[in-house]
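S.K.: The structure is given below, and queries will be raised subsequently.
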Amino acid sequence: MKNKIFSVTNSNFEEIALEVFQFQYRNNPVYKQFVDYLGKHNPTSCAEIPFLPISFFKTHEIRSFQKNIEIKFKSSGTGGNRSTHYIESLSLYEHSFEPTYRDQLGNPEDQIIIALLPNYIEQGESSLVYMVNSLIKLTNNPLSGFYLNDLEKIKTTYQSALVLGKKVVVFGVSYALLDLAEQQLDLSQATIIETGGMKGRRKELTKEELHAELKKGLHVNYIASEYGMSELLSQAYSDKEGVFTTPPWMKILIRDVNDALSMEPEGKTGGINVIDLANLYSCSFIATQDLGKSFGSTFQLMGRFDNSDIRGCNLLIE
């Protein structure tokens, strides 16, 4: 099954997704109960597969395996309860994030990676920290690492990387990047990847407002974004136009905001449903609280639902 997932193509995606659905229906008690409640245990297309509300990761053990847990990843927890993702095998996560990064951002061996993720490090059990730390190790360069508010150190690291002929990639949570931008640090030759969220440290901004401030303060032409979360083992990255590209084993469907069981056509805004086949041992079919619109293997992020519950998906298991 793992081999099928990471060699999936557009032509056989639906077939493999349905196979993963049946595996999780048989092996994930919480998901089975959810599917049975909806009476949709035999879907014939991706659009017919029931998508589990992401809030279930806060209240239930979403597992499709019985053996010991290798690690638990938790969300940043700014909304109170932290979501927990029980990981059967870290190798599955690594098989997902490393090729995606190489495909969309280049080889880490040619880069210096600067990470500004203070809140994730403070809270611990972060899938983002695990991923970025793994990428930092792949750079095999002492200049790569996690940085806090040491402006001078970030500046000298950036300059040293350019002297070495290395591409500089900066991963940063939104508020940490804004702190950097306020210092008018020139990072014009770096790729800046914001990972979202003010984490309660600053006033929330729209994506457009955030990127405008960061572009001005860091002297860059555009800001890239990473679309990922503790409940997923796959990520998408945005380009200069703010369009996200998914890896082959990840697909975005858009649901009607007033009818969670109905899908919207390409180009129409609605709730983002994610199929992440790398989530083989948890749940691959997740209804998020994000709004967006899809275009084939790409999508745009339009914001989030105003309320904490996903409308039309408030089917809680007792």
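S.K.: Residue check: is LEU253 at pLDDT 95 or above, assigned to a loop (DSSP other than H, G, I, E, B) and under 25 Å from ILE286 (Cβ atoms)?
M.R.: no
S.K.: Give the residue, chosen from SER234, SER284, SER262, SER297, that is of a type in the set (S, T, N, Q), in contact with a helix residue (DSSP H, G or I) (Cβ under 9 Å, 6 or more places away or on another chain) and at pLDDT below 95.
M.R.: So the residue among SER234, SER284, SER262, SER297 that is of a type in the set (S, T, N, Q), in contact with a helix residue (DSSP H, G or I) (Cβ under 9 Å, 6 or more places away or on another chain) and at pLDDT below 95 is SER262.
S.K.: Just to be sure before I move on: is GLU19 part of a helix (DSSP H, G or I) and farther than 13 Å from PHE285 by Cβ in the structure I sent?
M.R.: For GLU19, the condition - part of a helix (DSSP H, G or I) and farther than 13 Å from PHE285 by Cβ - is not met.
S.K.: Here is a check on your reading of the model: is ARG102 out of contact with any Phe, Trp or Tyr (no Cβ under 7 Å at 6 or more places or on another chain) and assigned to a loop (DSSP other than H, G, I, E, B)?
M.R.: So ARG102 does not fit the description; no.
S.K.: Right, something else. Give the residue, chosen from LEU135, LEU177, that is crowded, with 18+ Cβ neighbours inside 10 Å, touching a helix residue (DSSP H, G or I) at 6+ places or on another chain (Cβ under 7 Å), under 21 Å from ALA236 (Cα atoms) and at pLDDT below 95.
M.R.: Among LEU135, LEU177, only LEU177 is crowded, with 18+ Cβ neighbours inside 10 Å, touching a helix residue (DSSP H, G or I) at 6+ places or on another chain (Cβ under 7 Å), under 21 Å from ALA236 (Cα atoms) and at pLDDT below 95.
S.K.: TYR86 - would you say it is touching a helix residue (DSSP H, G or I) at 6+ places or on another chain (Cβ under 6 Å) and modelled with pLDDT of 95 or more?
M.R.: No.
S.K.: Could you please give the count of residues in the range 138-168 that are out of contact with any helix residue (DSSP H, G or I) (no Cβ under 7 Å at 6 or more places or on another chain), closer than 23 Å to GLY217 by Cα and outside any helix (DSSP H, G or I)?
M.R.: 1
S.K.: So, one more: If I go through the range 259-300 residue by residue, how many of them are of a type in the set (A, V, I, L, M, F, W, C) and not in a strand (DSSP E or B)?
M.R.: 6
S.K.: Restricting to the range 144-166, and then to whatever is over 22 Å from SER96 (Cα atoms) and surrounded by 18 or more Cβ atoms within 10 Å (Cβ to Cβ), can you tell me which residue is nearest to the chain's Cα centre (by Cα)?
M.R.: Of everything passing the filter in the range 144-166, TYR147 is nearest to the chain's Cα centre (by Cα).
S.K.: On to the next question. Identify the residue in the range 205-255 that is acidic (Asp, Glu) and under 30 Å from ILE71 (Cβ atoms) and, among all such residues, is surrounded by the fewest Cβ atoms within 10 Å (Cβ to Cβ).
M.R.: The qualifying residue surrounded by the fewest Cβ atoms within 10 Å (Cβ to Cβ) is GLU226.
The values are calculated or read from the model by the stated rules, or taken from the named source; none is laboratory data. The structure presented is a predicted model; accordingly, all values stated were derived computationally and were not measured. Note that each Cβ is placed from the backbone with ideal geometry, even for glycine, and that neighbours are counted across all protein chains shown.
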